[in-house]
Amino acid sequence: RNMARARPDSPPLVQLAQKPDISIEHQAIRNGLWPVAGLDEAGRGPLAGPVVAAAVVLDPKRIPKGLDDSKRLTAPQRDALFAAILKTALGIGVSSVCAEGIDRSDIRKASLEAMRRALAALPVVPRMAFADGRDIPPGLTCDCKALIKGDQRSQSIAAASIVAKVTRDRMMLGCGRADERYGLEIHMGYATERH
């Protein structure tokens, strides 16, 4: 019997350590698809709070240094990059789906709907979008390609991940300050030892 080794489906460690770049966006631009938007969300795993999505169209000539997957950055790094993205991006759209909206469907569908709304909220009309993950949000007004680990591959998606994460964290901080019983300002709705 031939017992050939199964080929692993996970990316090599070298790939995981790489920083996102702008090459995917440049390829789309060369194909005549400009503007290009990155799409990502924050809040798929928490016990409380909304799912927040962002769409970002970066200015290829003014890309903030240090863009990366928001999960690989510290809170101060995210805050600094958030400010830099707001200052330099050609367009930013943000949207959320509340807990009730998530409960009416499921977190996957709610995340995709938040991404669709974020893209629709852009002040510029994109010709191409790159979405983090496996799924393309339904109902988009432009072409879209889903990129697994896109926030570690595409600077546009990384920027969207930072905008979505910082926006959601600030929303949860506000909720925690308004009602201190749940500690939302500390854990942002994610499960902790305290739970």
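Listing for the model above:
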| item | result |
| --- | --- |
| Whichever lysines have a C-alpha closer than 25 Å to that of Lys19, once near sequence neighbours (fewer than 8 apart) are set aside | Lys61, Lys65, Lys71, Lys87, Lys145, Lys149, Lys165 |
| Length-normalised contact order for the chain - Cα pairs under 8 Å, 6+ apart - percent | 30 |
| Thr192 accessible area, 1.4 Å probe, all protein chains in place, Å² to nearest 10 | 60 |
| Using alpha carbons only: equivalent-ellipsoid semi-axes of the chain, gyration tensor based, whole Å | 27, 22, 18 |
| Solvent exposure, largest accessible area first (probe 1.4 Å, DNA, RNA and ligands not counted), of Ile29, Ile162 | Ile29, Ile162 |
| Under Karplus coefficients 6.51, -1.76 and 1.60, residue-wise ³J(HN,Hα) of segment 21-34 in Hz, glycine/proline x | 10, 10, 5, 5, 5, 4, 5, 5, 4, 4, 7, x, 9, 9 |
| Accessible carbon and sulfur surface of the chain relative to its total accessible area, %, 1.4 Å | 53 |
| Segment Ile22-Leu173, extension gain: residue separation times 0.36 nm, minus the distance between their alpha carbons | 51.1 nm |
| Which of Arg181, Arg170 is most accessible, then next, and so on - probe 1.4 Å | Arg181, Arg170 |
| Karplus 3J(HN,Hα) series, Hz, for segment 65-75 with 6.51 cos²θ - 1.76 cosθ + 1.60 (x for Gly, Pro) | 6, x, 4, 7, 3, 4, 6, 9, 10, 7, 4 |
| Accessible area of Arg116 in the full protein assembly, 1.4 Å probe (Å², nearest 10) | 70 |
| ³J(HN,Hα) computed for each position of segment 84-92 - Karplus, 6.51 cos²θ - 1.76 cosθ + 1.60, integer Hz, glycine/proline x | 5, 5, 4, 6, 10, 5, 7, x, 9 |
| Computed helical MRE - 222 nm, the chain, DSSP H runs ≥ 4 contributing -39500 (n - 2.57), nearest 500 | -11500 deg cm²/dmol |
| Accessible heavy-atom area order of His187, His26, highest first, probe of 1.4 Å | His26, His187 |
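The values are calculated or read from the model by the stated rules, or taken from the named source; none is laboratory data. Bear in mind that the values here come from a model prediction, so they are computed numbers and not experimental data. Each accessible area value is taken on the protein alone, full model and side chains, heavy atoms only, with ligands, DNA and RNA left out. Shrake-Rupley method; radii C 1.70, N 1.55, O 1.52, S 1.80 Å.
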